[in-house]
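Inspection log for the structure reproduced underneath, given as structure tokens.
The values are calculated or read from the model by the stated rules, or taken from the named source; none is laboratory data. Every value quoted in this text rests on a predicted model; they were computed, and no experiment measured them. Note: ideal-geometry Cβ built from the backbone for every residue, glycine included; neighbour counts use all protein chains shown.
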Amino acid sequence: MGLVSAKEMLEKARDGKYAVGQFNINNLEWTKSILQTAEELHSPVILGVSEGAGKYMTGFKTVAAMVKAMIECLNITVPVALHLDHGTYDGCYKCIDAGFSSIMFDGSHFPIEENVAKTKELVAVCNHLGLSLEAEVGAIGGEEDGVIGRGECADPDECKKIADLGVTMLAAGIGNIHGKYPADWPGLSFETLAAVKEKVGDMPLVLHGGTGIPTDMIKKAISLGVAKINVNTECQLAFQAATRKYVEEGKDLVGKGFDPRKLLAPGTQAIKDTVKEKMEIFGSIGKA
Ligand SMILES: [Zn+2]
């Protein structure tokens, strides 16, 4: 199966009360680990690409070509969406051009009227091409590619305005934060989530900043309409810890331990383990 839009997998997740994980990719090892784990566990999956990661991998065209070829070479049969994460207006068009199957337009930092106008335009383009589109209301805390939010809670009426434009999925700030959560983080605002759900009806909701949110909060969020959960930092931390251990144990100094295929192997396995753990919590295993 080639790339698919995220629409069908998210509607199934919403109806089945589980969530599909979006795991962000940074390079070949990341992509391979996530695709292989999804296939092994029969789980649908969304590969997220931030604009920074796209640039790092030399451009969205390289990313799309790599992912498509990998799906073919690894005989991946589960549904895979290639999704732009926190796209700018220009970034959205670049990814559409490069062959991504799903787009997030993050207009949360614009005044709501401008967010509505730009999202509306992209809804028409994505519908025409059969791509899924994620929109965002209420900036999500932390920092992602220079877009800084403070962990706001979205205004449910603004969420309805954007949802009514016909987007596929909606990211609403409910006190979630990108990156590591501070020790004094008050937790997700389920009050906001329930109020948003009330306004947007069937719209699958997206929870960003999935790293470090306690499992019981994740499960409650899923029960309240979250159908997609984004994980990025957690894979990075797992990769870093495993790589550090390999070097600290001096394994890179033994035999051909310097070979990148050996040096990166523990980190690659750590990403697989993290993805598996998340898919278990999200309930997406066996749903492909
Ligand atoms: Zn995000």
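Listed by first and then second residue, the pairs with beta-carbon distance under 9 Å, at least 6 apart or on different chains, first residue in the range 114-138 and on the phi > 0 side of the Ramachandran plot, second charged (D, E, K, R), are Gly130/Lys7; Gly138/Glu152; Gly138/Asp155; Gly138/Glu158. Checked against (1) closer than 17 Å to Leu133 by Cβ; (2) within 14 Å of the ligand (Cβ to nearest atom), Pro204 passes all but condition (2).
Step by step: first the residues of the range 32-58, then only those that are assigned to a helix (DSSP H, G or I) and of a type in the set (A, V, I, L, M, F, W, C), then the one that is surrounded by the fewest Cβ atoms within 10 Å (Cβ to Cβ). Which residue is that? Can you show your working first?
Here is the first cut: in the range 32-58, the residues assigned to a helix (DSSP H, G or I) are 32-40, 51-56.
Applying the additional criterion that residues be of a type in the set (A, V, I, L, M, F, W, C) yields 34-35, 38, 53.
Numbers: Ile34: 28, Leu35: 23, Ala38: 28, Ala53: 19.
Among those that are assigned to a helix (DSSP H, G or I) and of a type in the set (A, V, I, L, M, F, W, C), it is Ala53.
With respect to being farther than 26 Å from Met279 by Cα, surrounded by fewer than 18 Cβ atoms within 10 Å (Cβ to Cβ) and charged (D, E, K, R), Lys68 falls outside the description.
The rows are residues; the columns are (1) of a type in the set (Ser, Thr, Tyr); (2) out of contact with any Phe, Trp or Tyr (no Cβ under 6 Å at 6 or more places or on another chain); (3) within 16 Å of the ligand (Cβ to nearest atom); (4) modelled with pLDDT of 95 or more.
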{"position": "Lys197", "(1), (2), (3), (4)": "no, yes, no, yes"}
{"position": "His208", "(1), (2), (3), (4)": "no, yes, yes, no"}
{"position": "Pro214", "(1), (2), (3), (4)": "no, yes, no, no"}
{"position": "Lys251", "(1), (2), (3), (4)": "no, yes, no, yes"}
{"position": "Leu263", "(1), (2), (3), (4)": "no, yes, no, yes"}
{"position": "Gly267", "(1), (2), (3), (4)": "no, no, no, yes"}
{"position": "Asp273", "(1), (2), (3), (4)": "no, yes, no, yes"}
{"position": "Met279", "(1), (2), (3), (4)": "no, yes, no, yes"}
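Among the residues in the range 226-236, are any farther than 30 Å from Asn26 by Cα and either of a type outside the set (Asp, Glu) or in contact (Cβ under 8 Å) with a residue 12 or more places away in the chain (or both)? Within the range 226-236, not a single residue is farther than 30 Å from Asn26 by Cα and either of a type outside the set (Asp, Glu) or in contact (Cβ under 8 Å) with a residue 12 or more places away in the chain (or both).
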